[in-house]
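Here the structure comes first, spelled out in structure tokens, and everything after it is commentary.
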There are 2 protein chains.
Amino acid sequence: MRVFLNGELVEREQALVPVDDRGFLFGDGVYEVVRAVDGSLYEAERHWRRLARSLDGTEITPPAGLDAAALDALAQQLLDENGLAAGDALVYLQITRGAAPRTHHFPPATTRPTVFASAGPFSPPHALRARGASAITHPDLRWARCDLKTVNLLPNVLAKQHAVAAGADEAVLVRDGMVTEGSSTNVFAVIAGELRTHPASNHILPGVTRDVVIELAGQLGVPVRELPVPVEELREATELFLTSTTNDVMPVVRVDGRPVGSGEPGPVAGRLYAALAERMPARTAV
Amino acid sequence: MRVFLNGELVEREQALVPVDDRGFLFGDGVYEVVRAVDGSLYEAERHWRRLARSLDGTEITPPAGLDAAALDALAQQLLDENGLAAGDALVYLQITRGAAPRTHHFPPATTRPTVFASAGPFSPPHALRARGASAITHPDLRWARCDLKTVNLLPNVLAKQHAVAAGADEAVLVRDGMVTEGSSTNVFAVIAGELRTHPASNHILPGVTRDVVIELAGQLGVPVRELPVPVEELREATELFLTSTTNDVMPVVRVDGRPVGSGEPGPVAGRLYAALAERMPARTAV
């Protein structure tokens, strides 16, 4: 596979960054992951808007000219270069504050940010969606700016690993007794017929799929309330599901070993997934 | 300068890591900075003990054989290789979970951790110590495991930058109304004749210099209490100072533009710095 690094396309094995890159030394960078179907990007505009927000929040100045159109073109180029014009693919983009002698404060303004992007084939988790995922609850140990999509991801890594080690698929994070989101997903619950999810505050990432699902729920007449779910209310949920760029809508049928609702994927998740799939770029082949 | 990367000594410019290194993608690593004087490491044993604790807390398995003796030898080799056998120097060591295809959960157990180490000359900030540093107060936005010395340092980077942008030297972090520590230092205050500092909880890094200073205060008969300082009590402090491997004991004479105590470096900080300097490895020349 060929990847993009600071203006050049190189083989992935040759894509190297200096040890002085602030991504490596401080996790000082932001990223996005965008879905592509048959060479068409899905919701790219929302991803690039969120990227701009993350750059702004971390005070990283992106390279001049790296606007939404340039990002679209870069993603498209990576898809084409790597034979991903057909089928499902993911585009990864990361921008760090660049390489410079190590100081906690920002490097000189002349420091060139590092831009890395790659594209790879992707298999949507249809089998898991059919049988339903499992989750554990886990303390949300993250910082107070979870609304920025940065590569300071160690708490997410540890939570996800703890889920995997427990034989589960995701960690549902709990802060001050409230469900915030998953380690790499947003979390929705159906409680008393109402769809509930944590409001878009500093404690969750404003997921692109989350936003789309809220819009679709409105269109489908499913009542939605952006109000945190206390962890003990999870027992009353008839459905629980995760949303993310790679999961779309993923029903959760077990939490901490206990079944959610009937213990089967539920109808609200099913309808929302169907509506989401319909919005995806048209496929030339299935 | 020659640095160490995964078993080899290479020129710093040639020290490159794959974009797939989890340090770059997730900030998934830990580090230490150790002081050397005339080729002798200072408090290395405590640093390597803390490193082991950070590795354990992040569940990173270090390479076999990388024990305290091997780390001492590596640091010594870097000092020798780079002409740092005389004078002040810093040794930097970072270990990440290694390079592997990107997944939030841990990579396969066979993944080799990345080990990077470097040494460079260091100028102790004597002039700043003589006139006293300035600080701003800043919200502590960090995660709930500040006791681990990881490279998830973005909140520290932003806080330090905000201090520098305000013309100050350090950001004194405040969580729930209490001073925790600085963005790259521990914080001590003298209030009513007593030395106060945040207890070694999950909200601060257990600084090596912090520990030494607490011991020295005991020896000097200065009463010490590990009890958080409410931010409003900073106004009552007759002295405030920072401790770290690079700052030793650094008096703070202004906070948010207001003088601390007399507005001059104070006697408690002075005595503690003198006692600390006495413990440093003997110099062959000054």
Open item on the list: Multiplying the sequence separation of A:E226 and A:A277 by 0.36 nm and subtracting their Cα-Cα distance, what value in nm do you get?
Closed with: 16.1 nm
Task: Cβ-derived FRET efficiency at R0 45 Å, A:R258 paired with B:A68, nearest 0.05 - done: 0.50
Open item on the list: Placing the label point 7 Å from Cα along the Cα-to-Cβ direction, what are the distances from A:L220 to the equivalent spots in the other copies, shortest first, in nm to one decimal?
Closed with: 6.7
Open item on the list: If I model a spin label at A:T111 and B:R112 as a point 7 Å from the Cα along the Cα→Cβ vector, what separation in nanometres do I get?
Closed with: 2.9 nm
- [ ] Check the straight Cα-Cα distances from A:K149 and name the aspartates and glutamates below 15 Å, setting aside those fewer than 8 residues away within the same chain.
- [x] A:D28, A:E32, A:D56, A:E59, A:E181
Task: Teacher prompt: B:Q14 distances to equivalent labels in other copies, 7 Å Cα→Cβ, nm - done: 1.8
TODO: Under 12 Å from a label point 7 Å along Cα→Cβ of B:T103: give me every residue in segment B:49-65 with its amide N that close.
DONE: none
- [ ] Express the Stokes-Einstein translational diffusion coefficient of chain A in µm² s⁻¹, to the nearest whole number, given a Kirkwood radius over alpha-carbon pairs, 37 °C and a viscosity of 0.692 mPa s.
- [x] 166 µm²/s
- [ ] Work out the mean other chain Cβ neighbour count within 10 Å for the residues of B:147-155 and drop it here as an integer.
- [x] 6
TODO: Give me a single rounded figure for B:28-37: the average over its residues of other chain Cβ atoms within 10 Å of their Cβ.
DONE: 2
TODO: Could you tell me which of rounded, prolate or oblate describes segment B:115-257, using a ≥ b ≥ c as the square roots of the eigenvalues of the alpha-carbon gyration tensor, with rounded for a/c under 1.5 and, failing that, prolate when a/b is larger than b/c and oblate otherwise?
DONE: rounded
Open item on the list: Using all alpha carbons of segment A:241-286, what is the percent of pairwise distances in each 5 Å bin, ordered from the shortest bin to the longest?
Closed with: 5, 20, 24, 20, 15, 8, 4, 3, 0
- [ ] Would you compute, from DSSP H runs of 4+ residues alone, the mean residue ellipticity of the protein assembly as shown at 222 nm, taking -39500 (n - 2.57) per run and dividing by the full residue count, rounded to the nearest 500?
- [x] -8500 deg cm²/dmol
Task: Average partner coverage of A:161-170, which counts Cβ from other chains inside 10 Å - done: 2
Open item on the list: Ranking request for peptides A:106-113, B:179-186: highest mean number of other beta-carbon atoms within 10 Å first, then the rest in descending order.
Closed with: B:179-186, A:106-113
Open item on the list: How big is the protein assembly as shown along each principal axis, measuring the range of its Cα positions in Å and listing the largest first?
Closed with: 76, 49, 44
Open item on the list: With +1 assigned to the C-beta of every Lys and Arg and -1 to the C-beta of every Asp and Glu, and no other charges, what is the dipole magnitude of segment B:74-178 about the Cα centre in debye, to the nearest 20?
Closed with: 360 debye
TODO: Taking the Cα centre of the protein assembly as shown as origin, work out the dipole magnitude from +1 charges on Lys and Arg Cβ and -1 charges on Asp and Glu Cβ, in debye rounded to 20.
DONE: 260 debye
Task: In range of the label at A:E233: residues from segment A:148-187 whose backbone nitrogen is under 15 Å from the point 7 Å along Cα→Cβ - done: A:174-181, A:187
- [ ] Return one quarter of the surface area of the convex hull spanned by the alpha-carbon atoms of segment B:178-286, equal to its mean projected area, in nm².
- [x] 7.0 nm²
TODO: Could you check the simple spin-label distance between B:T246 and A:D80, using points 7 Å along Cα→Cβ, in nm with one decimal?
DONE: 4.5 nm
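Each reported figure results from applying straightforward, stated rules to the coordinates on display, with no laboratory input. Keep in mind that what you see is a predicted model, and the values were worked out from it rather than measured. Cβ: placed from backbone, ideal geometry, glycine included. Neighbour counts: every protein chain shown.
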